[in-house]
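S.K.: I'd like to ask you about the structure that follows.
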Amino acid sequence: MSRRIRLTGLLSLLALVACAALACGASAVVLELPEGRLGYQPPRGQATPHSKQKSAASKTLTYHQGPVMTSNTNYPLFWAPAGEAAYPAGYISGIDRWFTDLAHDSGGLLNTDSVLNQYGDKEGGFADYDSHFGGAQIDTDPYPPSGCKRAAICLTKEQLKSEIQSYVEAHALPADLAHEYFVLTPPGVSTCFEPEGHQCSQETGEKFFKYCAYHSFFHVGGATYIWADNPYIDSPLCVAESPNESPSDYAISGGLAHEHSESVTDPEITGWYNEKEEEVADKCQSPNPEKELGARLGTAPDGAPYNQLINGDEYLYQQMWSNERAACVQRAALPPSVKKVTPRKGPSTGGTHVTVTGSGFLGTVTVYFGASQATEVKVTSGEALTAVSPPGTEEQAITVHTSAGASPPSKKTSFKYKPPKKSK
């Protein structure tokens, strides 16, 4: 069942930042171009024009009367004309896997998509975790003449819009508030908002490097196109580490996860954001790894940490903002907590059946007595389980571990091992 919050504090649409401000070297998160509004992901640590403002309103996202995506079917659109630069090995398959994994765990509580369903709209819809994979789209149309001057191949926002519309119409694909197209270009292809090229993706150099990715929309007749631009990323200013040793990790952490979440909660840039024009992902983008990534769930075989486990696959990307918890979080499910263990004593040889009560016993659950893993764990509900103690000595804290994290150790919920009786 989806969690809900009441739509409060409905505000009129905020004034958005104009292009002229960006030309002077400032950056924004939501801006207005002559062709329409968009929300973009600046490089980590890049300040926004309102970064010095501090108020209660900037701490939460507020609603601006627009729609949310109550379900989302995602289409990665790989624009790869014959004879042009190719995607690195593993790039397309890795991105397809992520969208497939999101769809597989749809409706669950253990990844960042589950955080989004607290955001609703005036029609009574909520950004439920109802995700589907529409399948990879390989676009072999040739690139148009470069629309901006910052690189040999540089595509403007208008050129991307034109190609999306052409491709969708040619393949009879849907265009509405339940479907989104993610344009992914290979190395060597840059994108800029406009021909002047003052706001561009990383390929064009640091001077004009204004974004890692952006999301936007446009209407044609009765069709609504929800889309995002995801240029090829390998800059440390955009990406986290790679738990899968794949370039697709950089695309996911550097743009896809960010823009996907903001599209769901703010598809027409009239949904959820704050007075600093930060959307659900912007508020958690930070050079501070603890704020941006949160607690690590473990370490991948290549040594890189991961903080998202989706359909059994490991990922590392930023948290999303939760109004309910007034914090950046990794998932709707809270980490488990242990309130009581019975009995609290047993022999050092192990084998004691212990009942553990608390909360958050969801998904795959493991139980530890100190550093030793218990056996025969049986979860009877989200608040109770039983486990058999491993061999041990002295007093050991009992902790419960799930995909949402681990319960904190406490002396009040520890287990004391009794030494073996001395033979007479």
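S.K.: Go through the residues of the stretch 164-181 one by one and say whether even a single one is of a type in the set (Phe, Trp, Tyr), within 26 Å of the chain's Cα centre (by Cα), assigned by TED's automatic domain parsing to the domain that holds residue 137 and outside any strand (DSSP E or B).
M.R.: For the stretch 164-181, residues of a type in the set (Phe, Trp, Tyr), within 26 Å of the chain's Cα centre (by Cα), assigned by TED's automatic domain parsing to the domain that holds residue 137 and outside any strand (DSSP E or B): absent.
S.K.: If you don't mind, there's one more thing I want to ask. Answer yes or no: is there a residue in the stretch 311-325 that is over 30 Å from residue 274 (Cα atoms) and crowded, with 19+ Cβ neighbours inside 10 Å.
M.R.: yes
S.K.: Name every residue in the stretch 214-270 that is under 20 Å from residue 193 (Cα atoms), part of a helix (DSSP H, G or I) and not aliphatic (A, V, I, L, M), in order of residue number.
M.R.: Passing the criteria: 254, 255, 258, 259, 260, 262, 263.
Okay, residues lined up against (1) of a type outside the set (A, V, I, L, M, F, W, C); (2) at pLDDT below 90:
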| site | (1), (2) |
| --- | --- |
| 201 | yes, no |
| 207 | yes, yes |
| 211 | yes, no |
| 222 | yes, no |
| 230 | yes, no |
| 239 | no, yes |
| 243 | yes, no |
| 256 | no, no |
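S.K.: Starting from the stretch 65-77, keep only residues that are on the phi < 0 side of the Ramachandran plot, then list their pairs with residues that are among the acidic types (Asp, Glu) and part of a strand (DSSP E or B) whose Cβ atoms are within a distance under 8 Å, requiring at least 6 positions of separation or different chains.
M.R.: Close Cβ pairs (under 8 Å, with a partner that is among the acidic types (Asp, Glu) and part of a strand (DSSP E or B)) amount to 69/180; 72/180; 73/180; 74/180; 75/180; 77/139.
S.K.: Considering only the stretch 340-366, how many residues are assigned to a strand (DSSP E or B) and over 28 Å from residue 419 (Cβ atoms)?
M.R.: 2
S.K.: Select from the stretch 280-289 the residues that are in contact (Cβ under 8 Å) with a residue 24 or more places away in the chain and outside any helix (DSSP H, G or I) and write down the one among them that is farthest from residue 178 (Cα to Cα).
M.R.: Checking each candidate, the answer is 287.
S.K.: Also: Residue check: is residue 162 of a type in the set (Ser, Thr, Tyr) and either crowded, with 17+ Cβ neighbours inside 10 Å or in contact (Cβ under 8 Å) with a residue 60 or more places away in the chain (or both)?
M.R.: The answer is no for residue 162.
S.K.: When only residues in the stretch 291-310 that are in contact with a strand residue (DSSP E or B) (Cβ under 7 Å, 6 or more places away or on another chain) and touching a residue at least 60 places away in the same chain (Cβ under 8 Å) count, which is surrounded by the most Cβ atoms within 10 Å (Cβ to Cβ)?
M.R.: 308
S.K.: Further question on the same structure: Do we find a residue being in the same structural domain as residue 67 (by TED's automatic domain parsing), farther than 16 Å from residue 262 by Cβ, in contact (Cβ under 8 Å) with a residue 24 or more places away in the chain and of a type in the set (Gly, Ala, Ser) anywhere in the stretch 209-222?
M.R.: No - not one qualifying residue is present in the stretch 209-222.
S.K.: Got a number for residues in the stretch 372-392 being among the aliphatic types (A, V, I, L, M) and over 33 Å from the mean Cα position of the chain (by Cα)?
M.R.: Within the stretch 372-392, residues that are among the aliphatic types (A, V, I, L, M) and over 33 Å from the mean Cα position of the chain (by Cα) number 2.
S.K.: So which of 322, 286 is of a type in the set (S, T, N, Q) and within 22 Å of residue 106 (Cα to Cα)?
M.R.: Of 322, 286, the one residue that is of a type in the set (S, T, N, Q) and within 22 Å of residue 106 (Cα to Cα) is 322.
S.K.: Looking at the stretch 109-127, which of its residues are out of contact with any Leu (no Cβ under 8 Å at 6 or more places or on another chain), of a type outside the set (Ser, Thr, Tyr) and touching a residue at least 60 places away in the same chain (Cβ under 8 Å)?
M.R.: 115, 116, 117, 118, 126
S.K.: Could you tell me which residue of the stretch 342-376 is nearest to residue 105 (Cα to Cα), considering only residues that are at pLDDT below 95, surrounded by 13 or more Cβ atoms within 10 Å (Cβ to Cβ) and among the hydrophobic types (A, V, I, L, M, F, W, C)?
M.R.: By that ranking, first place goes to 362.
S.K.: What are the residues in the stretch 105-147 that are surrounded by 23 or more Cβ atoms within 10 Å (Cβ to Cβ), assigned to a loop (DSSP other than H, G, I, E, B) and touching an Asp or Glu at 6+ places or on another chain (Cβ under 7 Å), if any?
M.R.: Listed by number, the residues that qualify are 111, 129.
S.K.: Also, I was wondering about something else. If a residue has to be among the hydrophobic types (A, V, I, L, M, F, W, C) and either at pLDDT 95 or above or closer than 18 Å to residue 103 by Cα (or both) to count, how many in the stretch 258-276 make the cut?
M.R.: 2
S.K.: Against the conditions (1) within 24 Å of residue 245 (Cβ to Cβ); (2) in contact (Cβ under 8 Å) with a residue 24 or more places away in the chain, where does residue 277 fall short? Just the number, please.
M.R.: Evaluating residue 277 over (1) within 24 Å of residue 245 (Cβ to Cβ); (2) in contact (Cβ under 8 Å) with a residue 24 or more places away in the chain leaves (1) as the failure.
S.K.: When you go through 277, 292 one by one, which is the residue that is part of a loop (DSSP other than H, G, I, E, B) and more than 25 Å from residue 367 (Cα to Cα)?
M.R.: 277
S.K.: Does residue 155 satisfy being aliphatic (A, V, I, L, M) and in a strand (DSSP E or B)?
M.R.: Judged against the criteria, residue 155 is a match.
The values are calculated or read from the model by the stated rules, or taken from the named source; none is laboratory data. For clarity, every value in this text was computed on a predicted model and none was experimentally measured. For neighbour counting, all protein chains shown are included, and Cβ atoms are generated from backbone atoms with ideal geometry for every residue, glycine included.
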